[in-house]
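Inspection log for the structure reproduced underneath, given as structure tokens.
The values are calculated or read from the model by the stated rules, or taken from the named source; none is laboratory data. This one's a predicted model, so the numbers in the text were calculated from it and none came from an experiment. Reconstructed Cβ throughout: ideal geometry from the backbone, glycine too, with neighbour counts over all protein chains shown. All accessible areas refer to the heavy atoms of the entire protein, side chains included, with ligands and DNA or RNA removed. Shrake-Rupley method; radii C 1.70, N 1.55, O 1.52, S 1.80 Å.
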Amino acid sequence: MNGLRPDQAGWLLAGAAITLAPHTAHLPPALSAICALLLVWRGLIAHRGWRLPHRGLLMALAAGVVALVLMTFHQFFGKEPGIALLAGLLSLKLLETGSVRDGRAVVLLCFFLQLGQFFYQQNMAIAALALLGVIVAIASLLALEGSTAPPQARAREAAKLALQGMPLMLVLFVLFPRIQGPLWGLPDDAYNSVGGLSDSMAPGDLARLSESGAIAFRVSFEGDPPPPAERYWRGPVLTRFDGHTWRPDRVQDGAHPAYRPQGMAYPYVLTLEAHNRHWLLALDFPGATPGLRFTDDYQLLSPDAVQSRRRIALVSYPHTPVGRDESSLNLRAALQLPSGANPRTVELGQRLRAAAKSPDEIPPLAIAHFRASRLSYTLEPAPLGRDDVDNFLFDTRQGFCEHFAAAFVVTLRAAGVPARVVTGYQGGEPNPVDGTFVVRQSDAHAWAEVWLAGRGWIRIDPTAASAPQRIEKGLAAALPDSTHLPLMLRTDLAWLRGLRNRLDALNNSWNQWVLGYNPARQRELLSGFGFGEPDWQTLTALMSAGCALVMGGLTVWALRRRTSADAIDRSWALLCRRLAAIGLPRADWEGPLDYAARLARQRPDLAEPLNRIATDYARLRYGPAADTTQQQRFHQSIKNFRPR
Amino acid sequence: MSLAQFRARFQRWLFRVGGPEPAPIRLGQRRIFVLPSRFGLALGITLLAMLLASINYTLSLGFALTFLIGGVAWISIHHAFRNLVDLAITPGRSDAVFCGSPARFGILLHNAAHRSRLGLVLFPTQAPTLRTHPFDLSPESTATQEIAIPTATRGWLTLPRLTLETRHPLGLIRAWSLFQPDQRCLVYPAPEADAPPLPLGDDSRSGAGAQGRGRDDFAGLRHHQPADSPRHVAWKAVARGGPWRTKEFAGAGSRRAWLDWQQLPAGLGVEARLSRLARWIVDADASGIDYGLRLPGVELRPAHGAPHRHACLTALALFGAPDERSAS
Amino acid sequence: MPIHIARRLTEVASRIILGKERAVRLALACVLARGHLLIEDIPGVGKTTLAHVLARLLGLQFQRIQFTSDMLPADIVGVSVFDQREGAFRFHPGPVFAQLVLADEINRATPKAQSALLEAMEERQVSAEGTTWPLPEPFFVIATQNPSDQIGTFPLPESQLDRFLMRLSLGYPDRAAERALLAGEDRREMLARLPAELQPGELDALFAATRAVHVGPRLLDYVQNLLAASRDGANFALGLSPRAGLALLAAARAWALLHGRDHVQPEDVQAVLPAVAGHRLRAAEEMPLPPDRLVRRLIEAVALPG
């Protein structure tokens, strides 16, 4: 039996649709399609008054969903299969929902799945969608509870309830003692959705990454930012090469950098998006910072993986000379080449070495050669054959930064100059609205570092040789045709850029204050209010106090006897209250004249004013329409009447 | 002490309810109890799971969502409480019924506030199945709700303790109040289903109660109607050439019945006798005749009309019961 | 000025009927509301005198009918007698054809005779011989009744009581009033000397003024709440009918006029309620209460804003 009213089913269905919509991008497509079909089916049942499907059919469908999840994920445990199962369950539960109780179960499922969508993204749009979902869920509960108000009125009522819940939400959000997760061993997949650089590089990796407009980190400089050519944010340094893929070498790390910072200092705050890796993308070369680790290839590491957005205050010194006394072990590693691979490039290196008088001349010669080869910079290089570097340098001549960097390093190593690939980000776009630099995944970059005796490690960006624009103005300017870029990266639409900047600034505050509100931020905020370094006891006490305050307000509101909308009634009620306060209450049924007459016998001193007020009230309340002066006189006389 | 007894005693202590209370019963804040409903508990568990997930995966929006839903749930406590507080209850009508049909107690609920009270349900505390449909009270109004309680024995039926409950607005919170209006309903004995026909006595045997109405008291003339007996036509007037008129006599056509306990077959038990008498009273009242009732110690002179019927049936209902009327 | 006239009427009546000012006022209000009055009391407390005073004061043509057990309807409404000369029935109007009829001890007559009067009261006309004869205008009946527990009476049935706007009891005078009565002049002589207070047109003006008394929406709310409480409340077996509601308003208007107000107050309604509703309410068997306490319950069951 379909025991739910169509409007109840409608609200539940709307809630489920809003909840499931953001999941469809992440669920297995077949499951998304099944969910959509089931929702449509349920809608038809509610709309046409069809019967709910037979239980057996539902069981079969449920078995199908379980099988689908198992086939896709090969397990039930973990975040993604769990959400997939819940989504299927929600859609099926709706088809089984014939009672108020079932409807409530659907609402609870919706709440949980709304939380689930935050695993993928937590931007403002998703937050707004979640809020809408909560309001629709509240409206469903109102409908399930029996309210038969028209949809608009019910939506308003639900929104009002949500609004009334906000103060408590704010108190809890700010003051609930935050604990840095995880509480238990995370399932392996906890952070697999996080994108960004990886600790290896093969041709095409960075080009793929560049197609993402996602933000990698934000930087706000305290003073002037460094010039564009110095905005290199160092990520993994890749030394080992197997002919195809670049990997990092074994590195040592310590609490202090292996160099002495010199030259211009640039203090800044880095707000790093979660990438679930240890490396922090510092501007070359960061000064000593407590709590962080420095490797001997100048990476800055965090002791723990960055699993949530993190703010780090840093100072960088771009002009610091590094690696003048590099160990021979490291230098040897920086000369390693797989034997037999890329013979033409090796041969080119040997030629350059022969042409050069000193190793110092080799890098400029290599750059000159690259330039003469008319290599083109493109996001979609032609596929490469077995010897990637040879193929790029001599055949296709199309490549992205990782091709340039790899080819350059191989060439120099063949010429006997220690060299390595550095990955990271280059550039970043200042946001005129709040002055922060936004560095996106599309700013991912690879460049080369070359060791020259007496000078140490020197950064050389071979990409700049063929596409200097890339370094000066960013990716969009460097590419010949920007049609393949995400809309938001295109530079030719000024208004769009303005909009984007504004949105970014808003997003930044959102990230800083909502998403980035972590234990550290909480402590920071509260110490700003003079709570020192609050421990969890202080926080709990504060939270309890805050909740008590909100609840006290609510209790006062609940007990408040709202007086009549009518001014005359209000004044009269005021008078009755005042008289009741001195022990002369009016009986509920007692008319004004009788009341005044009775009190006149009890308290002859009050007789005169009381009699006048009661007569006025009686006339205003029950007599023919009175003019406003009479009313004013009445209100005034009650205001002035203060019996004791 | 059995568990049930303990529970009852505990409830009496907790809810501070003794016997029937004088009207009006005001639901002050101390009389209103608020606890999460089963669904509220389920939501609580869901929220806890959501909170743990938010902590574990550091989902800032997860915290926000959890706290928002929690805040709304908390708000609904106040809504539920506000929905009951300051209501006043007074007893309403409870007309006498025959045993077997439900006794209907009218309960008056006064909402003096300037806001509506929504989604209320009223039921006997011990018998939740007898609940009313959910009802609303508009601002500054009084509404009557009816509680129908099945009857099994004749006599006075006291209204049991009632629960006024609301789960408004979201069904998460159950707010309720217990009270017992001072109200009772008279239950007549059930009329016997297959009773012998009404014993119609004739006037010669009608005995003591027959005074007051002569059969042939001339009462006046009225317009003649074709159905009138020719014996009553005012023939003298007709003979004079006047219009046809009918003489009216006080008490004309009246019959009477004495319903006497002693006249019933000796083998009949007390309840069976009462039941038969009840049937006869109902029949006699329906046929419009005068009837009197004799019970041991009670005699009601022949009469008719609703009050008489009620008096007779009351005598049956309270037969053998200690006289509470003076005590009440 | 109708208000002054009304006040003077009360004063004069109270001079003759001592210590019964409230009852006199109610009786006057009943007349002003154009309703019939039932006075229920033991003999000798001044029921007849009150009727006489009213008739004299208001300048109404007065007729007294003493009800007895052998009374026939014709004794009240009149008889048609066959006129030999004209060869037709001729109607001889009975004593009911007067502006103010005092039906003394109405419960002594048989229901038959009673209903003849009650029908005349309701219709304000008498039907005989297929012809209707209108009763004089205005037409009032003041019926007196001995309390029904006296032997040999036919108390008015409930359905008939509704036709009286008010029922009053006079009760014994208090000590001071009785003293004045005993020491003072003979009431009959005073009555005889009493001049008519009203000129012929003035009574109509008073009626019009009564009808014009303002009744606001709040008061209607109150009256409706009273009616609803009488219908739903536990104390009442029989609630107030819509006719009772109309009667209540009419009486309250007259009461307000007698107290010099141009609008009706809840107090006016409460003041006339015992007289207007006392004989229309029936206490529930579960809680038998005397009429005055029953009305008190009703008043206390309906709250006024404040």
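So which aspartates and glutamates pass the test for A:Lys639, namely a Cα distance under 20 Å, with those fewer than 8 places away in the same chain ruled out?
Cα-Cα hits under 20 Å: A:Asp566, A:Asp569, A:Asp605, A:Glu608, A:Asp616, A:Asp627.
For C:Glu137, what accessible surface area do you get with a 1.4 Å probe? Give it in Å², rounded to 10.
Counting only protein heavy atoms, the figure is 120 Å².
Report, in whole Å, the centroid distance computed from the Cα atoms of segment B:36-65 and segment C:160-185.
78
Express the accessible area of the protein assembly as shown per residue in Å², computed with a 1.4 Å probe while the remaining protein chains stay in the model.
46
Just from its helices, what would the mean residue ellipticity at 222 nm be for the protein assembly as shown, if runs of 4 or more DSSP H residues each count -39500 (n - 2.57) and the sum is divided by every residue, rounded to the nearest 500 deg cm²/dmol?
-13500 deg cm²/dmol
So which residues of segment A:129-154 lose at least 40 Å² of accessible area, probe 1.4 Å, when you go from the chain by itself to every protein chain present?
Residues of segment A:129-154 that lose at least 40 Å² of accessible area once the other chains are added: A:Val134, A:Leu141, A:Glu145.
Could you work out the relative contact order of segment C:118-248? I mean the mean sequence separation of Cα pairs under 8 Å and 6+ apart, divided by the number of residues, in percent.
Contact order relative to length: 13 percent.
Treat every Asp and Glu Cβ in segment C:228-286 as -1 and every Lys and Arg Cβ as +1, leave all other atoms uncharged, and give the resulting dipole magnitude about the Cα centre to the nearest 20 debye.
Result for segment C:228-286 is approximately 220 debye, rounded to the nearest 20.
Please compute the Kirkwood hydrodynamic radius over chain A, one decimal place, Å, based on all pairs of different Cα atoms.
30.7
In terms of solvent-accessible area of protein heavy atoms at a 1.4 angstrom probe, what is the ranking of C:His92, A:His47, highest value first?
Heavy-atom accessible area, descending, gives A:His47, C:His92.
Quick one: check the C-alpha center-to-center distance for segment A:498-563 versus segment A:423-449, whole angstrom.
Going from one Cα centre to the other spans 32 Å.
What's the center-to-center distance, using Cα atoms, between segment C:255-282 and segment B:117-153 in Å?
35
Expected output is a single nm value to one decimal: the length gained when fully extending between A:Thr72 and A:Ser544, i.e. 0.36 nm times separation in residues minus the C-alpha distance. What is it?
Once the chain is fully extended between A:Thr72 and A:Ser544, it gains 165.4 nm.
Before anything else, pin down the relative contact order of chain C: Cα pairs under 8 Å, at least 6 apart, normalised by residue count, whole percent.
Relative contact order here is 22 percent.
Which parts of segment C:215-230, residue by residue, lose 50 Å² or more of accessible area when the rest of the protein chains are there, as against the chain isolated (1.4 Å probe)?
Flagged in segment C:215-230: C:Arg218.
For A:Glu590, enumerate residues with amide H under 5 Å from its amide H, sequence gap 5+ or separate chain, H modeled in the peptide plane.
Sorted by chain and number, the residues that satisfy this are C:Leu304.
Let me check against my output: what whole-number percent is the relative contact order of chain A, with C-alpha pairs under 8 Å and at least 6 apart?
Computed value for chain A: 12 percent relative contact order.
If you take the accessible area of A alone, add that of C alone, and subtract the area of the pair, what total do you get in Å², probe 1.4 Å, to the nearest 100?
1600
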